[in-house]
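Participant: Structure in structure tokens, see below.
The values are calculated or read from the model by the stated rules, or taken from the named source; none is laboratory data. Because the structure is a prediction, the values reported are computed rather than measured. Ideal geometry is used to build each Cβ from the backbone, glycine not excepted, and the neighbour counts take in all protein chains shown. Ligands, DNA and RNA are excluded from the accessible area calculation, which covers all protein heavy atoms including side chains. Shrake-Rupley method; radii C 1.70, N 1.55, O 1.52, S 1.80 Å.
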Amino acid sequence: MTHSPLTPGIAAGRLAAEVLAENFSDIAPRLEPHEARVASDRCYFCHDAPCMTACPTSIDIPLFIRQISTGTPEAAAKTIFSQNILGGMCARVCPTEQLCEEACVRETAEGKPVEIGRLQRFATDTLMAKGVHPFVRAKATGKTVAVVGAGPAGLAAAHRLAMKGHDVVVYDARKKAGGLNEYGIASYKSPDDFAAEEVAWLLKIGGIRVETGKAIGKGLTLEGLSKDHDAVVLAVGLAGVNALRAEGEALENVLNAVDFIADLRQQGNKAKLDVGRDVVVIGGGMTAVDAAVQSKLLGAENVTIVYRRNQAQMSASAYEQEHAASVGVRIIHNAAPVKVHGNGGVAEVEFAYTESGPDGLKLKAETFRLRADQVMKAIGQTLSGTPEGLKLEGGKIAVTGAGRTSIKGVWAAGDCASGGEDLTVTAVAEGRDAAEDIHACLMGAAG
């Protein structure tokens, strides 16, 4: 090892290979069968289960946990997949502590919920490891559907449509399918190429063709897709990144956190990844936390997250914030960047303290500076490259019902669509529901 956490500037190989391997190993390994049986026994199998209501995909949680408790995890997996075909990834990345587990009656009574997320992973991993697909494709309908975007929403829509008997073509701008599951999730949450394996498993339903390197404006037009297919689903995500709007943000080594995470996910040898000694991440969501934590795991000496509002307003869950703190990431609240200082490359970031009032967030006169040789922007993403003619709402594609856009025959789902939360599980639900609505329309059962 030629470098260390103390090496100035940007450097690769700050930690030994064995340390990096440990740092990026599975953060929550799969439960062993006996552990899963014990964990499942804690469930009350509520008749009117609040955990189901809290799940965006409405998985029958008491049923699948009972199936685990009776020794039939494959049946439990089918229960999960019937509602959430990406249940394996969602078990790894879903903020269960804010959704199903927070609603668990055990959490209310004892402060310790049933481990729903880990039980879901146990069931889905068990079935997927056998290499079988739990669903059979219906008789071909002769209808074709184009899905633009191979992320969670697009894949969920494609699978449900294929299962109904339609032929589906999925287009994606990147080299690999998977969207944020492939490019935007912290490596320690989804190691060992699980995202790619999940896509391959999903495609076993048949009737889905994936074409990469294509997108609206990059070999495709909405008009052409609508002409060639009976329906179109736009699941393009949010490709743009908000600007800091601070002087100096164009300096070298000021980068987008999403790009940093994507590069890290695609690099097999973590020792080859460059990271600063002093890293500053600006933002308060999961992207900010993932970028900060992974910077620390790569060997950065000082990593700081700075968020303009208070801790309660951070969109990253309390669990994720605590995890960041546990690996040595410092979090500063109520501060916003006003200037990035440096000569060619970034050297410091100047922040102003903030306060909330009736007129919104205001900058106070007091400022401070943080040393930084690498700055990551994680302040939200925006829709880009929207086809003409689509009505927008709040910077996203306006939809009604189960994803219907302002253009007949075109649906939208996932982060690019208005409404909902920017979560993997929500995207899956929206893709699935759009597919059901498309199927009803194509078969003449809906207007």
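Participant: Could you give the dipole magnitude of the range 106-187 about its Cα centre, charging the beta-carbon of Lys and Arg +1 and that of Asp and Glu -1, in debye to the nearest 20?
Facilitator: So the magnitude is around 300 debye.
Participant: Same structure, new question: So how do Thr144, Thr426 rank on accessible area, 1.4 Å probe, biggest first, that is with the largest at the start?
Facilitator: Sorted by accessible area, descending: Thr144, Thr426.
Participant: How much accessible surface area, in Å² rounded to 10, belongs to the heavy atoms of Ser317 with a 1.4 Å probe?
Facilitator: Taking all protein chains as shown, Ser317 has close to 0 Å².
Participant: What number comes out for accessible area per residue over the chain if the probe is 1.4 Å? Units Å², please.
Facilitator: Result: 44 Å² of accessible area for each residue.
Participant: Roughly what % antiparallel, to the nearest 5, for the DSSP beta bridges in the chain?
Facilitator: Roughly 40 percent of the DSSP beta bridges within the chain come out antiparallel.
Participant: Given an 8 Å cut-off on Cα distances and at least 6 residues of separation, report the relative contact order of the range 342-447 as a percent.
Facilitator: Rounded, it is 15 percent for the range 342-447.
Participant: Peptides 349-357, 365-373: what's the order by average Cβ count within 10 Å, highest mean first?
Facilitator: Ranking the peptides 349-357, 365-373 by packing returns 349-357, 365-373.
Participant: Would you work out which of Ala129, Gln267, Ile61 lies farthest towards the positive end of the dipole of the chain, given +1 charges on the beta-carbon of Lys and Arg and -1 on that of Asp and Glu, about the Cα centre?
Facilitator: Projecting each Cα onto the dipole axis, the largest value belongs to Ala129.
Participant: Let me ask something else about it. Which length gain, in nm to one decimal place, applies between Glu252 and Asp26 when the Cα-Cα distance is subtracted from 0.36 nm times their residue separation?
Facilitator: 78.1 nm
Participant: What are the aspartates and glutamates whose alpha-carbon lies under 13 Å from the alpha-carbon of Lys139, with same-chain residues fewer than 8 places away excluded?
Facilitator: Asp167
Participant: Straight-line reach only, C-alpha to C-alpha below 18 angstrom: list the lysines that Lys214 could link to, leaving out same-chain residues fewer than 8 apart.
Facilitator: List returned: Lys175, Lys176, Lys227.
Participant: Would you please state which residues of the range 2-44 a label at Ser326 would reach in this model, taking the label point 7 Å out along Cα→Cβ and a backbone N cut-off of under 11 Å?
Facilitator: Hits in the range 2-44 for Ser326 at 11 Å: 27-28.
Participant: Sticking with this structure for a sec: Can you find, among Gly431, Thr79, Gly213, the residue farthest towards the positive end of the dipole of the chain? Put +1 on the C-beta of Lys and Arg, -1 on that of Asp and Glu.
Facilitator: Of the options given, the answer is Gly213.
Participant: Let me ask something else about it. Less than 10 Å Cβ to Cβ from Leu273, Lys/Arg counted +1 and Asp/Glu -1: what total charge do the surrounding residues give?
Facilitator: Charge balance in the 10 Å sphere: +1.
Participant: Also, I was wondering about something else. What value, in deg cm²/dmol to 500, does the helix sum -39500 (n - 2.57) over DSSP H runs of n ≥ 4 give at 222 nm once divided by the residues of the chain?
Facilitator: -9500 deg cm²/dmol
Participant: Could you calculate the contour length gain from Ser4 to Glu18, that is, 0.36 nm times the residue separation minus the distance between their Cα atoms, to one decimal place in nm?
Facilitator: Gain on stretching Ser4 to Glu18: 3.6 nm.
Participant: Determine the gain in length on full extension of the stretch Ala318-Asp359; use 0.36 nm per residue of separation and subtract their C-alpha separation, reporting nm with one decimal.
Facilitator: My answer for the length gained is 12.0 nm.
Participant: Which lysines, if any, have their Cα less than 26 Å from the Cα of Lys362, not counting same-chain residues under 8 positions apart?
Facilitator: Result set, ordered by chain and number: Lys339, Lys377.
Participant: Shifting gears a bit: In nm, give the distance between the simple-model label positions of Asp41 and Lys139, each being 7 Å from the Cα along the Cα-to-Cβ direction.
Facilitator: For Asp41 paired with Lys139, the spin-label model returns 4.9 nm.
Participant: Just the Cα atoms of the chain: what Rg and Dmax do they give in Å?
Facilitator: Spelled out, the Cα radius of gyration and Dmax of the chain are 22.6, 68 Å.
Participant: How large is the dipole of the range 170-272 about the Cα centre if only Lys and Arg carry +1 and Asp and Glu carry -1, each at its Cβ, rounded to the nearest 20 debye?
Facilitator: For the range 170-272, the charge dipole is close to 180 debye.
Participant: Give me the percent of the accessible area of the range 332-418 that comes from carbon and sulfur atoms, probe 1.4 Å, all protein chains in place.
Facilitator: Result for the range 332-418: 47 percent of the exposed heavy-atom area is carbon or sulfur.
Participant: Determine the dipole magnitude for the chain: charges of +1 sit on the beta-carbon of Lys and Arg, -1 on that of Asp and Glu, nothing else is charged, the reference point is the Cα centre, and the result goes in debye to the nearest 20.
Facilitator: That gives a dipole near 760 debye.
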